Each structure stands twice: as C-alpha cells, then as structure tokens.
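Visitor: Please read through the structure below; I'll follow up with questions.
Quick note: the coordinates plus some simple rules give every number you see, no bench work behind them. Remember, predicted model here, so these are calculated numbers, not experimental data. Cβ: placed from backbone, ideal geometry, glycine included. Neighbour counts: every protein chain shown.
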C-alpha cells in the first residue's frame, strides 16, 4: 500500500493527463490489494458512465454488461457512494440482469470503491477476481484507504491544473485587451473616432471577415506597425 501511494504521488508530479493518471492507478492497485487480478476506473460526467482505464479487456466486458443491464457492483458503488464487496453468487442475486449480460467474462469477485473528484467527475475504482472468493474484509479496507488517498490527491491535482488553465486564460485575455486598446487608439487618431466608435468599427470589421476579434486586431496592429 505504501509503495502504491508513493508511486501515485510520483505520477501526479509527472503526468498532466487525467486518463494517464487513472491508468497508472489501475496498474498500481492490483499490486496493492491481495487477490485483485484486474482493475478499472468507471467515471460519470453529467450522469453518463464510461470506462476510462482498465488493466484488461475483461474489465471492459464487465463494465459493458453493467451499462447494458443498468445495474452492477461498479455502478452501485458509483451511484450510492458505498463500497461494494461481492462474490459471483451474491452478484447473481443482487444484479441478475448484469450477471446475465456478463456472459463469457470469467469474473468471480467484485470490489468497488466510490470516487469523487469534483462536482463534474465522479465514479468508482473497481477490482475484479477471477475466482469466486468474494474478497475479504481486509482487502475492502485496503481498497477504501487507497481510494480515499487517491481521491484526495487527484482532487488537489485537478484543482491545481484548473487554476493553471484559468491563469493562462486570464493572461490571454489581458494580452488581447492590450492589443484591442492599441487598435482603438490607432483608429481614434487616424479617423477622429471616439473610443466606443473605434471599438464598434473593429467589431464590425472582424464580423465581416468572419475572424475572432482578438485575431483581427492582432493582424490590424501588426500591419500598422510594419508601415
């Protein structure tokens, strides 16, 4: 467990893509939890679940069976926020439509922990065993600890990256505003327009040429400077 969490911390420092991080999580958690042979992450954005990381095609088969049936251990963990531990026999009683849809995927045990990154991203970290051992209570507690630590780390990393994006957008907006002010000043001096009239002229010209205002004024100012 300590090694898996240390590896997750290192991945957070190096990787930028959420999908890559979740794939690494799957690869690490099967080494951290005894009897876990397959792993996957199911995420829901605005109510639509999808499989975003897996260690094996069988995970896709299991998830697709849950999507088809509208029920199953991973969907249950994701929608209820409760940890789910089940063997094949219990799954047959709790989610019969899922087990029927599962068909040839030889999965005998299920262990799922809910994940919440922010108000847009929620899901479940899912482990599968090929034998009907059902996972033990100890393994459920290990996954719970790992998923909480992972959730906290991903949430912090996601917020940090969102903040970086916001800062970049603000910097771009300030740069665009400065160029727009330059273009307005050029028109005001050349044609005796007011600030509002100059801005309206720039907007109308950008619309006629079907170009975004910031791109149009950049070209406009560059042409004037070259002259």
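Visitor: Which distance in nm do the two modelled labels at residue 93 and residue 45 give, with both placed 7 Å along the Cα-to-Cβ direction?
Guide: Between residue 93 and residue 45, the label points sit 3.9 nm apart.
Visitor: Extending each Cα 7 Å along its Cβ direction at residue 207 and residue 119, get the distance between those two points in nm, one decimal.
Guide: Going by the 7 Å Cα→Cβ label model, 3.4 nm.
Visitor: Could you work out, for region 171-224, what percent of all Cα-Cα pairs fall into each 10 Å distance bin, beginning at 0 Å and stopping at the bin that holds the largest distance?
Guide: In order of increasing distance, the bins hold 27, 59, 14, 0 percent.
Visitor: Let me ask another. Distance in nm between label sites at residue 176 and residue 60, each 7 Å beyond Cα in the beta-carbon direction?
Guide: 3.9 nm
Visitor: Quick one: what does P(r) look like for region 19-163 with 5 Å bins over all Cα pairs, in whole %?
Guide: 2, 11, 22, 27, 20, 12, 5, 2, 1, 0
Visitor: With r defined as the distance between the Cβ atoms of residue 215 and residue 189 and R0 fixed at 35 Å, what FRET efficiency is calculated, to the nearest 0.05?
Guide: 0.95
Visitor: A follow-up question, please. So if I take the centroid of the Cα atoms in region 74-139 and the same for region 24-54, what is the distance between those two points in Å?
Guide: So the separation of the two Cα centres works out to 11 Å.
Visitor: At a 10 Å Cβ-Cβ cut-off, how would you order 116, 179, fewest neighbours first?
Guide: Listed from fewest to most nearby Cβ atoms, that is 116, 179.
Visitor: OK, next. Give me 180, 148 ranked fewest to most by other Cβ atoms within 10 Å of their Cβ, as a rough exposure proxy.
Guide: Sorted ascending by nearby Cβ count, the order is 148, 180.
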